[in-house]
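Okay, so here's the structure we're looking at.
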C-alpha cells in the first residue's frame with residue numbers, strides 16, 4: 001500500500017498538537033524541507049494557529065476550508081471529536097488535509113488524452129508535486145534513469161521538450177487556469 005499524501009493532525013481542546021503524520025508536516029512547512037524542522041511539534045502547533053485557523057470566525061475555533069501550500073491546494077476538513085476517556089489527553093479535533101481533487105481529475109483527463117500508461121501518469125503526478133527525478137524514483141521504487149525515460153515518453157506523447165512543458169500542458173487543461 002502506498003503511503004498517504006494526505007495530512008492528518010489530532011488536536012486537543014486548546015488546539016495543542018497531540019499527533020500528526022509526516023505528510024501534514026510536509027504540507028505545512030513547504031517550501032522548507034520537513035527534515036530541517038528542529039522541533040516539529042512546536043512548528044506544527046504554530047502553523048495550526050497561523051495557517052489552519054479561520055480568524056474570521058467568532059464562535060469558537062473553526063478551521064479554514066482550503067489551504068494553499070506553494071502551488072498546491074488542499075481541502076481542509078476538520079472533525080470535532082467527543083472523547084470520554086478521562087485518563088488521557090483527549091483529542092478534540094481531527095484535521096485532514098487532502099490534495100485538491102481537481103488536480104486528480106485534470107491528470108486523469110490528460111492521461112486519457114495523451115494515452116499515458118499508469119506509470120507515466122504516476123511520474124507526471126510526482127513531477128507536478130515538485131519532486132526531482134531522484135525523489136520520484138524513490139517514491140516509485142525505480143531508478144532515476146527509468147524516471148527520465150518515463151518523462152521522455154510523456155514529452156513525446158504531449159509534443160513538448162521540457163519538464164516544464166509537461167506542467168504547462170496540464171496547467172492549460174485546468175478549469176480557470
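The values are calculated or read from the model by the stated rules, or taken from the named source; none is laboratory data. Remember, predicted model here, so these are calculated numbers, not experimental data. Backbone-built Cβ (ideal geometry, glycine too); neighbour counts: all protein chains shown.
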task: Within region 64-82, track down each residue that is farther than 22 Å from residue 131 by Cα and surrounded by 17 or more Cβ atoms within 10 Å (Cβ to Cβ).
output: 64, 76, 78
- line: Residue set 3, 61; condition modelled with pLDDT under 90 and surrounded by fewer than 15 Cβ atoms within 10 Å (Cβ to Cβ); output residue 3
query: Which of the following residues is assigned to a helix (DSSP H, G or I), at pLDDT 95 or above, buried (at least 18 other Cβ atoms within 10 Å of the Cβ) and not assigned by TED's automatic domain parsing to the domain that holds residue 64: 124, 106, 147?
result: 147
query: Cβ-Cβ below 6 Å, separation at least six or inter-chain, first residue in region 12-25 and free of Cβ contacts under 8 Å to residues at least 60 places away in the same chain, second surrounded by fewer than 16 Cβ atoms within 10 Å (Cβ to Cβ) and part of a helix (DSSP H, G or I): which pairs?
result: 17/41
